[in-house]
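**Student:** Shown below is the structure under consideration.
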Amino acid sequence: MDIKSLEDRFEAKIAAGESIEPKDWMPEKYRKTHIRQISQHAHSEIVGMLPEGNWITRAPSLRRKVALLAKVQDEAGHGLYLYSAAETLGITRDEMTEQLLSGKAKYSSIFNYPTLTWADIGAIGWLVDGAAIINQVMLTRTSFGPYARAMVRICKEESFHQRQGYEIMLTLCNGTPEQKAMAQDALNRWWWPSLMMFGPRDAESPHTEQSMKWKIKRKTNDDLRQQFVDITKPQADILGISIPDENLKWNEASGHYDFGAIDWDEFWQVVNGNGQCNKDRISAKQKAWDEGAWVRAAAVAHAEKKANKKQKLSA
Amino acid sequence: MNKKEWPLWEVFVRSKNGLEHRHFGSLHAADADMAIENARDVYTRRSEGVSIWVVQSSDITASNPEESGELFEPAKDKVYRHPTFYELPDELKHM
């Protein structure tokens, strides 16, 4: 079959709402887009363990500590589900790791902000996981089968993440004035970066049009961002702390909250490597990769030794 | 240093006794024992299973989607393999 008819058949399948599976024919650009998007998503899960890991040893109680440990462990699992999904497209795990370390592959810019206080752990669970869930729920219906299936599993596990974060915020907000101020400070610092998680405005998002056409995305960045603001404002009201945006107000006519302008210059600075923690994050991953090299090699050697022994016994 | 990548394994999990093992996903491990241990950590963190199978991905032979026609279409016109193909009176019970 020639390329044109393969393409027509592929487009017809997408239009009919069928899933694309790894061994199906797909345009090279569809494959590349997925490798880029899924590996970025996986790297975000893995790098996302670092800001939270920072607080495991300093969690204020055993209850908080086991919850945070479980959450960070989940992020590792989510990274693995996603790496596996990307591998079905013909890239290896090592190649992906190398792309992360060299800076060729990106990860969510949110993880380049530091976690300064315990309240940041609450704010991350509430806002960062909240934003991620909105994006990921949409992706459970994405057109590439392995990606959609990974998302279903991840969404099931992620709702505990957001609830544990909100509970931390609630406890702080019901605590002493100092604790409540700490929660407000965390909201002040995490609000705008959370809005940036949905990516550039639709007009400036180079991939949106093609991604919508191929049903990789089902909603645009701006639609998802609006959904997040609409959901989150009443949650902040329950906590009794205020979102740091004087232009945030209910718009009766549109049925949505209006909100202020995002500082896109900051967004691009962080994406391009100039955020507060970009260097720390990559050097932490590089260190783990380098120091784990002997473990990976030893495991292979051990497996070979065991296999040889077994062969000798059965000979 | 040995730069060999750990092979890829496919993981099948039985959710509870009485149900079949279902494909859950894949992971890398140096050997089968490690694959089982990793599968426990990656796929059954919330008591999702009571039994795990792992098989090296390279040992699986898959049908080719390009040949789906030859493979699966012959079954399409054999409607007589379904119970609804047979026309029986409504008053007939227990059949």
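Every number here is computed from the coordinates shown, using simple stated rules; none is lab data. Predicted model only: the values in this text are computed from it and were never measured. Every residue, glycine as well, gets a Cβ built from its backbone with ideal geometry; the counts of neighbours run over all protein chains shown.
**Student:** Just to confirm my numbers, what's the Cα centroid distance between segment A:1-24 and segment A:51-69 in Å?
**Tutor:** For segment A:1-24 versus segment A:51-69, the Cα centre distance is 47 Å.
**Student:** Shifting gears a bit: Sorted from fewest to most neighbouring beta carbons within 10 Å, what does the list A:LYS65, B:LYS76 look like?
**Tutor:** Final ranking by Cβ density, sparse to dense: B:LYS76, A:LYS65.
**Student:** Exposure proxy check: B:THR84, A:THR97 ranked by fewest other beta carbons within 10 Å?
**Tutor:** Ranked by crowding around the Cβ, least crowded first: B:THR84, A:THR97.
**Student:** Provide the FRET efficiency to the nearest 0.05 for the B:GLU70-A:LEU6 pair, computing r from the beta carbons and using R0 = 25 Å.
**Tutor:** The value I calculate is 0.90.
**Student:** Count the DSSP beta bridges whose two residues both fall in the protein assembly as shown, then state the antiparallel fraction as a percent rounded to the nearest 5.
**Tutor:** Restricted to the protein assembly as shown, the bridges split so that about 95 percent are antiparallel.
**Student:** How big is the equivalent ellipsoid of segment B:3-61 along its three axes, where each semi-axis is √(5λ) from the Cα gyration tensor, reported in whole Å from largest to smallest?
**Tutor:** After scaling each eigenvalue by five and taking roots: 21, 13, 8 Å.
**Student:** Between rounded, prolate and oblate, where does chain A land on the alpha carbon gyration tensor, with a ≥ b ≥ c its root eigenvalues, rounded for a/c under 1.5, else prolate if a/b exceeds b/c?
**Tutor:** Oblate.
**Student:** Compute the helix-to-body angle for B:32-43: its Cα long axis versus the longest principal axis of chain B, expressed 0 to 90° and rounded to tens.
**Tutor:** Helix B:32-43 sits at roughly 70 degrees to that axis.
**Student:** If you don't mind, another one. Roughly how crowded by other chains is peptide B:25-34, in terms of the mean Cβ count from those chains within 10 Å of each of its Cβ atoms?
**Tutor:** Shielding by partners across B:25-34 averages 6.
**Student:** Measure off 7 Å from each Cα along the Cα-to-Cβ vector at A:ALA297 and A:MET212, then give the distance between these two points in nanometres to one decimal.
**Tutor:** For the pair A:ALA297/A:MET212, the computed spacing is 5.2 nm.
**Student:** For B:LYS16, which aspartates and glutamates qualify as cross-link partners when the Cα separation must be under 13 Å and same-chain residues fewer than eight apart are set aside?
**Tutor:** In chain and number order, the partners are B:GLU48.
**Student:** Next question, about the same structure. With unit charges on the beta carbons (Lys and Arg positive, Asp and Glu negative) and the dipole taken about the Cα centre of segment A:203-306, which residue among A:HIS302, A:SER211, A:SER283 sits farthest to the positive side?
**Tutor:** So the residue we want is A:HIS302.
**Student:** To the nearest 20 debye, what is the magnitude of the charge dipole of chain A about its Cα centre, counting +1 on the Cβ of each Lys and Arg and -1 on the Cβ of each Asp and Glu?
**Tutor:** So the dipole magnitude of chain A works out to roughly 1560 debye.
**Student:** Still on this structure: Are any of the pairs A:LYS106/A:LYS233; A:LYS71/A:LYS249; A:LYS156/A:LYS217; A:LYS106/A:LYS287 more than 25 Å apart by Cα-Cα distance, and if so, which?
**Tutor:** A:LYS106/A:LYS233; A:LYS71/A:LYS249
**Student:** Let me ask something else about it. Put a dot 7 Å past each Cα toward the Cβ at B:SER58 and A:ILE231; how far apart are the dots in nm?
**Tutor:** Reported label-point gap for A:ILE231 and B:SER58 is 4.3 nm.
**Student:** So, one more: Under 16 Å Cα-Cα from A:LYS23, which lysines qualify once same-chain neighbours fewer than 8 residues away are excluded?
**Tutor:** Within reach: A:LYS13, A:LYS32.
**Student:** Okay, moving on. For segment A:129-231, place one equal point scatterer on every Cα, skip the solvent, and apply the Debye formula. What is log10 of I(q)/I(0) at q = 0.20 Å⁻¹?
**Tutor:** -1.05
**Student:** Mind checking which aspartates and glutamates have their C-alpha under 15 Å from A:LYS213, skipping anything on the same chain fewer than 8 residues away?
**Tutor:** A:GLU7, A:ASP8, A:GLU11, A:GLU18, A:ASP202
**Student:** Additional query: Got a sec? How would A:MET212, A:MET197, B:MET34 order by Cβ neighbour count within 10 Å, fewest to most?
**Tutor:** A:MET212, B:MET34, A:MET197
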